[in-house]
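Enquirer: For reference, the structure I am asking about is given below.
The values are calculated or read from the model by the stated rules, or taken from the named source; none is laboratory data. Since this is a predicted model, take the numbers as computed values, not measurements. Using ideal geometry, Cβ is built from the backbone for each residue, glycine included, and neighbour counts are taken over all protein chains shown. The area values use the complete protein model at the heavy-atom level, side chains included, leaving out ligands, DNA and RNA. Shrake-Rupley method; radii C 1.70, N 1.55, O 1.52, S 1.80 Å.
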Amino acid sequence: MLRRNCLLLFLCFLFEQSSCAPFQSRPGQEWPHSQTGPLAAGRNGGSRGFQRVKRGWVWNQFFVLEEYMGSDPQYVGKLHTDLDNGESGVKYTLSGDGAGTIFTIDQITGDIHALRSLDREEKPYYTLRAQAVDIETNRPLEPESEFVIKVQDINDNEPKFLEGPYTASVPEMSPVGTYVMKVTATDADDPTYGNSARVVYSILHGQPYFSVDAKTGVIRTALPNMDREMKELYQVLIQAKDMGGQLGGLAGTTTINITLSDVNDNPPRFSKSIFHLRVPESSAVGSAVGRIKAHDLDIGKNAEVEYNIVPGDGGAMFDITTNEHNQEGIIMLKKPLDYETKKAYTFKVEASNAHLDPRFHNFGPFKDTATVKINILDVDEPPVFSKPSYAMDVYEDTPQGTIIGAVTAQDLDAGNSPVRYSIDWKSDLDSFFDIDPVRGTISTNELLDRESIAQHNISVVATKVNNPVLTSRVAVTVHVLDINEFPPELAMPYETFVCESAKVGQVIQVISARDQDLPQAGQTFSFKSPQEGVKTKNFTIRDFGNNTAGVVTLRGGFKRRSQEIYHLPVVIEDDGGLQTLSSTGTLTIRVCGCDTDGSLLTCSAEAIFLPVGLSTGALIAILVLIVVLYVGVRRQKKKETLMTSKEDIRDNVIHYDDEGGGEEDTHAFDMGTLRNPKVIKENMFRRDVKPELGLCPRRPVASQNSADISNFISLRLQEHDGDTSAPPYDSLATYAYEGEGSVAESLSSIESVKGETEEDYDYLNEWGPRFKTLAGIFGERSETDHDLDFKLQWKEF
C-alpha cells in the first residue's frame, strides 16, 4: 500500500492540479493514477476552441475474487472524476463484458459490484468501458475509457491425470532405475499466482518395486531381478498434489498397470525323467506313436522347444518333431515294427530352447534330457508272402493241370496259424489257372495260346485259418512262352526270271522267309535244296547266313524255245530250340529275254496258258474254231425280237444312267426310227429340252433298203454325237445285229479275214518297255502268218 500511495503522489505532482485524495479500497483492489483528457470547451466564456485539459478521474485495473460465496454483491471498486463536485451533476455509465449482467455500477457514486460468483477457470478477466456524462443532458463530460476487471485465482482445482489409467511394460530381471514411463498431471488453477498450480508427484502404492520422480513424474524400477514367472502384473498408484505438496493442497491420483515382459531366463524341463509308451506293431510308417513335453516357464518365442533323439538304441526307428501350437514332442515311426523281431526300444530325447538370451548364460544349460521306452504290442497280422511278387513261365499248349509254380505265405504271429490260398476271380475271369489251397501250387486250367494272350496277371489271396478276415495279396505274372508250332515259309510269292544270257553262278533272285511264331524279331532261318549234296542241272540255293538266300544258276544258255518255266523247290528251316520245323516252297522261274545290261525285255506268255509244244498257229486255229461254232449256234436259234414287225432286223437298247427326269425321259429318242428307217420324221426335236433350230443338224437319211446296217449305225452315232439338244445327263445307245436275212450279211470276223490287210505290229516296239512283251507275241504271229494261208489252216484243222 505504501508503494502504491507513493506512486499516486508522484503522478499528482506531475499534473499539478489532479485530485489525489486517497480512496477507500478493499483487499485485492488497486486504484490507478490519474490521466488527462480533452474537454469540450474553454471556461469563463472564452472563445470556442480545443485545448488540452487535465482529466479529473482515472482507473486502470480492478480485481475480484473467484468463487465468492457472500450473500451481498461483491464490491469491486469505485469510479470518480474531479468534475464530480458532489452536487450530483455527473452520471457514470458502464458497458462491455458482463455490464449489467455480471457487473453493475451506481450511476451517482460510481461504485462497481459483481452480481454473482465468478470462476477464473471459466473466464479469467473482463474488459469494460466507463464514461462520465452530464446527468441532465447526457452530454459526455470526458471521452470513454476502457478498463479490465481480473478474476483473482484461489486454489479450487486439484491436479488431474487426463490420460489415466495407464499401462506400461518393462522386461523382467531389469536392473534398478530402468525407465518405465512418465505421467503428467494438469492443474487448472493459475500457475502465475501463488502455488495453486505447482504439482508434486508421489507413489502411494507399488513400493518397493517402483519409484516416481516428484517433479517430472517419471516412473522407474526400484527393485532388481523382478521375475515374471513369480509375479507378472503390478498395479501402482501415483498421487499428484498442488500447493507444492504442502498441507491443504489439493491432490489427484491415477493407476498404472505395469507388466513384466518375458525374457528367456528359464530352460525347458521335462516333468519326468522316463516316459513309457506302447505302440502296436501294425502302426503305419510316418504315423505318430507318442507325445512327450518339456515345460518352459517362459512364454512366446522364449518358450519354443526343439526336440532331438540322442543317437543310440532305437534312434533309427523313430523320429521326433515339435508341435508349434503346444510345444509337444511328437514321436514318429520311421520304419515298420515287428513284434516277433523286437519287442521294445529305448532311446533318449533332448529338449532345448530355440532362442537363447546371452545375458542369462550364467544361469546354466538351457536344455534337458529324458528317456523314452517304447514297448511293441503284438497285433494279429495277415499272412506275409515270401516275395513281394512272383513271375512264372509256361509254354503255350501246356496240358491242363500242369503245375507252373507255387507261392508261399506264412503267419508270423505267435499263433502261427495255417494259411489257405485262392485266386482272385476278378484277375482271372476266364479261369486259365487253378491253385492248391493248402500248398499254393499254381497249375493250368486251360490250354494257353501265346498268340492270343502272351502274359497273364493274376492275384493270389492268402487267408489265415483262425482269422479269415486277415488276408494278404500278391501279384503273380505268368509269361506264356512260344513253342515252335508254325513252320517257316517264303516271305512272299516271288516272280523270278532268268535271262537267256545268264551266266553260270549268277544270283538271279534273293529270297527270305517268315514265321508266325513270336517273337518275330530274332528268328533264324536256313535255306537249302531238297536233296543236299546232289547236284542239280539248272539252279541251286545258296544260304547267305542272314535269314536270306540266293537262287544261283548252275549253267547258262537258257532258251525259251526249249523250256520257258522251271520249278525250283526250296527247303526252309527255323531255329525252334527244342523243336525245329521246316517247309518246302517252290519257286517258279521263267526264261525271259533281256537287254545287254540284264534288264527284262519280254517273257513269253505261252508257257503259262498252253501245254508244252503247242505252237502259235494252233492257237489261232483254236480261236477261229470257237468263233465259227458260236456263230453257227446263233444262226440256228430262233429268238423272238422286241420289234413289232418281224421283218425289222434292228434292235435298239437305250440305257439311262441318271436319276429322275419323269415321263419325258421316254421321248429322249425316237424308238421307231431305229426300228424302221422308212418312218424317220423330219425335224424331230427333243421334248424335254428347248430346241435350238440354228444348231440342230439335219439327221442323215438311212439306207432305205437297209443294205449296210454297219454304215447305218455309224451314221446314227455321228448324229447323236453332234446333237446339241442332247440331255444334260449321260446316255448310252447300243446297236446289235441278230437274226437272218440281214442285208449287210454276217458281221463275223471269220469271213472277213479275206478282206483284211496284214497288220504291221512293229509300232508296239516304239511304245516302251511295258509293250515289249505284247510286241514280241504279235511279232512272232506275223512271221508265222506271212507264209501260211488262213483258209488252208482252217481246212487242216
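Enquirer: Any idea how far apart His361 and Thr192 come out in nm if each label point goes 7 Å out from Cα toward Cβ?
Expert: Taking the two extended label points, one gets 6.2 nm.
Enquirer: Please compute the modelled spin-label separation between Val218 and Ser452, points set 7 Å along Cα→Cβ, answer in nm with one decimal.
Expert: Using points 7 Å along Cα→Cβ, the separation is 10.3 nm.
Enquirer: Using modelled backbone amide H atoms (1.01 Å from N, in-plane), which distant-in-sequence or interchain residues come within less than 5 Å of Ala513's amide H?
Expert: Excluding prolines and chain starts, which carry no amide H, the hits are Ala491.
Enquirer: For the range 384-481, rounded, prolate or oblate, judged on the Cα gyration tensor with a ≥ b ≥ c (square roots of eigenvalues), a/c < 1.5 rounded, else prolate if a/b > b/c?
Expert: Verdict is prolate for the range 384-481.
Enquirer: Where does the charge balance sit around Tyr201 when Lys and Arg score +1, Asp and Glu -1, over other residues with C-beta under 15 Å from its C-beta?
Expert: +1
Enquirer: Return a single number: how many Lys pairs in the range 334-381, at a sequence separation of 8 or more or on separate chains, have alpha-carbon atoms below 23 angstrom apart.
Expert: So the count works out to 11.
Enquirer: Efficiency by 1/(1 + (r/R0)^6): what FRET value for Phe778 and Ile622, r their Cβ-Cβ distance, R0 = 25 Å, to the nearest 0.05?
Expert: Once the sixth-power term is evaluated, E becomes 0.90.
Enquirer: Related question: Would you work out the charge dipole size for the range 165-232 about its Cα centre, treating the Cβ of every Lys and Arg as +1 and the Cβ of every Asp and Glu as -1, and quote it to the nearest 20 debye?
Expert: 120
Enquirer: Report the extension gain between Thr321 and Asp543 in nm, rounded to one decimal, defined as 0.36 nm multiplied by the number of residues separating them, less their alpha carbon distance.
Expert: 72.5 nm
Enquirer: Summarise the accessible area of the range 160-261 (1.4 Å probe, protein heavy atoms) by the percent that is carbon and sulfur.
Expert: Roughly 53 percent of what the probe reaches on the range 160-261 is carbon or sulfur.
Enquirer: According to a simple spin-label model (label point 7 Å from Cα along Cα-to-Cβ), what is the distance in nm between Asp430 and Ile299?
Expert: About 7.5 nm, to one decimal.
Enquirer: Right, next: Treat every Asp and Glu Cβ in the range 380-455 as -1 and every Lys and Arg Cβ as +1, leave all other atoms uncharged, and give the resulting dipole magnitude about the Cα centre to the nearest 20 debye.
Expert: 200
Enquirer: Need the full-extension length gain, Met332 to Tyr395, defined as separation in residues times 0.36 nm minus the C-alpha distance. One decimal, nm.
Expert: Full-extension gain reported as 17.7 nm.
Enquirer: For every other residue with a beta carbon closer than 12 angstrom to the beta carbon of Val384, add +1 if it is Lys or Arg and -1 if Asp or Glu, then tell me the sum.
Expert: Overall, the nearby charge balance is -2.
Enquirer: Which of the residue pairs Lys150/Lys215; Lys503/Lys537; Lys426/Lys464 have a Cα-Cα distance greater than 24 Å in the structure shown?
Expert: Those over the limit are Lys150/Lys215.
Enquirer: Right, another one. Using a cut-off of 9 Å between beta-carbons, work out the net charge of the residues near Gly96 (Lys and Arg +1, Asp and Glu -1, Gly96 not included).
Expert: Once all neighbours under 9 Å are counted, the net charge is -1.
Enquirer: Once the Cα gyration tensor of the range 489-601 is found, what semi-axes does its equivalent ellipsoid get, as square roots of 5 times the eigenvalues, in whole Å, sorted largest first?
Expert: 29, 14, 11
Enquirer: Further question on the same structure: Let's test the formula: R0 of 56 Å, r as the Cβ-Cβ distance of Lys503 and Lys387. What FRET efficiency results, to the nearest 0.05?
Expert: FRET efficiency, Lys503 to Lys387: 0.25.
Enquirer: Right, here's the next one. Quick one: give the max-minus-min coordinate of the C-alpha atoms of the range 53-183 along each principal axis, largest first, in Å.
Expert: 87, 36, 18
Enquirer: Another question, if that's okay. Amide H of Phe210: which non-local residues (sequence gap of 5 or more, or other chain) have their own amide H closer than 5 Å, using H built in the peptide plane?
Expert: Ala222
Enquirer: Please list, ordered by chain and number, the residues whose modelled amide H lies under 5 Å from the amide H of Leu204; skip anything fewer than 5 residues away on the same chain.
Expert: Leu237, Ile238, Gln239
Enquirer: A further question on this structure: With every protein chain in place, what's the accessible area of His205 (1.4 Å probe, Å², nearest 10)?
Expert: His205 has an accessible surface of roughly 110 Å² with all protein chains in place.
Enquirer: Would you please give the FRET efficiency between Glu144 and Thr259, computed as 1/(1 + (r/R0)^6) with r the Cβ-Cβ distance and R0 = 56 Å, to the nearest 0.05?
Expert: For Glu144 and Thr259, the calculated efficiency is 0.30.
Enquirer: Principal axis extents for the range 269-377, Cα atoms only, whole Å, descending order, please.
Expert: 52, 24, 20
Enquirer: I've got another one for you. Please give the per residue volume of the convex hull enclosing the alpha carbon atoms of the range 206-295, rounded to a whole number of Å³.
Expert: So the per-residue Cα hull volume is 159 Å³.
Enquirer: If each residue of separation counts as 0.36 nm, what is the full-extension length gain between Asp723 and Lys348 once their alpha-carbon separation is subtracted?
Expert: 123.5 nm
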